[in-house]
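The values are calculated or read from the model by the stated rules, or taken from the named source; none is laboratory data. Here the structure is a predicted model, which is why all the values come from computation and not from measurement. Don't worry about glycine lacking a Cβ; one is built from the backbone with ideal geometry, like all the others, and counts go over all protein chains shown. Side chains included, ligands, DNA and RNA excluded: accessible areas come from the protein's heavy atoms. Shrake-Rupley method; radii C 1.70, N 1.55, O 1.52, S 1.80 Å.
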Amino acid sequence: QVQLVESGGGLVQPGGSLRLSCVSSARLFSTYTLGWYRQAPGKQRELVASITSGEVMNYADSVKGRFAISRDNAKKTVYLQMNSLKPEDTAVYYCKASSGRMGYWGQGTQVTVSS
């Protein structure tokens, strides 16, 4: 069983920045596609950004130019740098590790953007 633990969430003012981290226990971490998702109250969970084992990155249109996903395979960690945060970015952020048909989720970390 792969475990994922997110951290770095919190309360930030509009225009501010946060960096989320997700540490994995996966033995073959470097082979996984990693993703950050978010779920706001009353809304469906949505993909924010993903990065493949070959470091091909994909972003939701709503975060392009503001968020950046990266991975450090030696540390078994995936990051999400979030800049120019907006109130509509408020959500619980989850990381996911995928390999073939298998997918593993973290417990989530709350991000609140408010003045």
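Per-structure values
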| item | result |
| --- | --- |
| GLU55 paired with SER98, simple spin-label distance in nm, labels 7 Å along Cα-to-beta-carbon | 2.1 nm |
| FRET E, pair GLN44, ALA74, Förster distance 35 Å, beta-carbon r, rounded to 0.05 | 0.55 |
| Difference of contour (0.36 nm per residue) and Cα-Cα distance, LEU28 to GLN81 | 16.7 nm |
| Whole-number percent relative contact order across the chain, with pairs defined as alpha carbons under 8 Å at least 6 apart | 37 percent |
| Distance-filtered residues of the stretch 79-103 - backbone nitrogen under 17 Å, label point 7 angstrom along ARG66 Cα→Cβ | 80-94 |
| Accessible area per residue, Å², the chain with all protein chains present, probe 1.4 Å | 54 Å² |
